[in-house]
Amino acid sequence: MNSDDILKRNNVSVIGSGEKTLLLAHGFGCDQNMWRFLTPLLIDNFRIVLFDYVGSGKSDVKAFDAQQYLHLDSYAQNVIDVCEALELKDVTLVGHSVSSMIGLIASIKAPHLFARIVMVCPSPSFLNAPPDYFGGFERADLEELIDLMDKNYIGWANYLAPLVMGSVNGEGMISELSGSFCSTDPVIAKSFAKATFFSDCRHLLPLAQHPTLVFQSSQDALAAVSVGEFVAKTIPQAGMLTIDAEGHCLHMTHPHELAPPLTDFAMDRR
């Protein structure tokens, strides 16, 4: 696949003209539009690359293969493909939720493309693995959530959206997220959901080769503070910043709190 085909397949857009490049990678059930609250605060300092994973947003849905995209490696290949198509280097990848781990995988596979990693509300595994790790969910709970997608897709979206966004962050944002879930083809959404909720990337954290900044929400129903602490402690060159907030989408609900430290980190300001 040539560069133009990749840029079209992943609906790639580039804004800003800074010397340093940010690659913004959206989370499950979302698309690049979810970054619109944060990008105005970054555009003066960076070249910003936005894209949609295959199957999400305005990507080429015909390129989606349900079996292939059951694994996060295929989403990581999307990230690598976009970087190579644009001939990027020294990229700071900003990944929301599952894209934190997708970005980690991409950075391990192709370390030469990246300089730094930013993780917004990451979780290396949503599953509890007592006594050493508590991701927040039992397997039966997550399997029930996946089953609900088949039985009542709209109900599933309306249940998950306030859990992800945080109930205090307004009906508008909750409705937008629910609408984003609903606008995704159910077959594609289910495949991405399985890849998101049943992956275990804990073993990859020590393999991270780049400085990493973890943004953690103080009240996150999907990834507790202890999960963020686990990520920051296990990645060799990582630090964590906790934002006083509710919800799993800090880039949407608290962009003004994220932008300054993100800028300092990406600019390598000591």
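Derivation of every value follows stated rules applied to the coordinates shown; laboratory data play no part. Computed from a predicted model, the values in this text were never measured in an experiment. Reconstructed Cβ throughout: ideal geometry from the backbone, glycine too, with neighbour counts over all protein chains shown.
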Coil-residue trypsin sites (Lys or Arg not before Pro) of the stretch 11-77, DSSP, other Cβ within 10 Å capped at 14: Arg36, Lys58
Residue-count net charge about Gly170 - beta-carbon cut-off 15 Å; Lys, Arg +1, Asp, Glu -1: -3
Give the relative contact order (percent, whole number) for the stretch 151-270; include only Cα pairs under 8 Å separated by 6+ residues. 26 percent
Excluding Gln32 itself, what net charge comes from residues whose Cβ is under 9 Å from its Cβ, given Lys and Arg +1 and Asp and Glu -1? 0
For the chain, built as a Gaussian network whose Cα springs stay under 10 Å, the top-fluctuating residue of Asp220, Asp73, Asp185: Asp185
Per-residue HN-Hα couplings for the stretch 56-69 [Karplus 6.51, -1.76, 1.60; θ = phi - 60°; Hz; x = Gly/Pro]: 10, x, 9, 5, 7, 5, 5, 7, 7, 10, 4, 6, 4, 8
Compute the signed sum of charges (Lys and Arg +1, Asp and Glu -1) over the other residues within less than 14 Å, Cβ to Cβ, of Val225. -3
For the chain, the helices passing both cut-offs (Cα extent along own axis of 15 Å or more, Kyte-Doolittle mean at least 0.0, full DSSP H runs) are 72-85, 98-109, 153-165, 171-183, 186-198
Reachable lysines from Lys58, criterion Cα separation under 28 angstrom, eight or more residues apart if same chain: Lys8, Lys20, Lys89, Lys109, Lys151, Lys190, Lys194
Its Cα gyration tensor gives the stretch 75-210 an equivalent ellipsoid whose semi-axes in whole Å, largest first, are 28, 19, 14
Using only alpha carbon pairs under 8 Å that are at least six residues apart, calculate the relative contact order of the stretch 137-216 and give it in whole percent. 27 percent
Equivalent ellipsoid semi-axes for the chain, as square roots of 5 times the alpha carbon gyration tensor eigenvalues: give them largest first, rounded to whole Å. 25, 22, 19
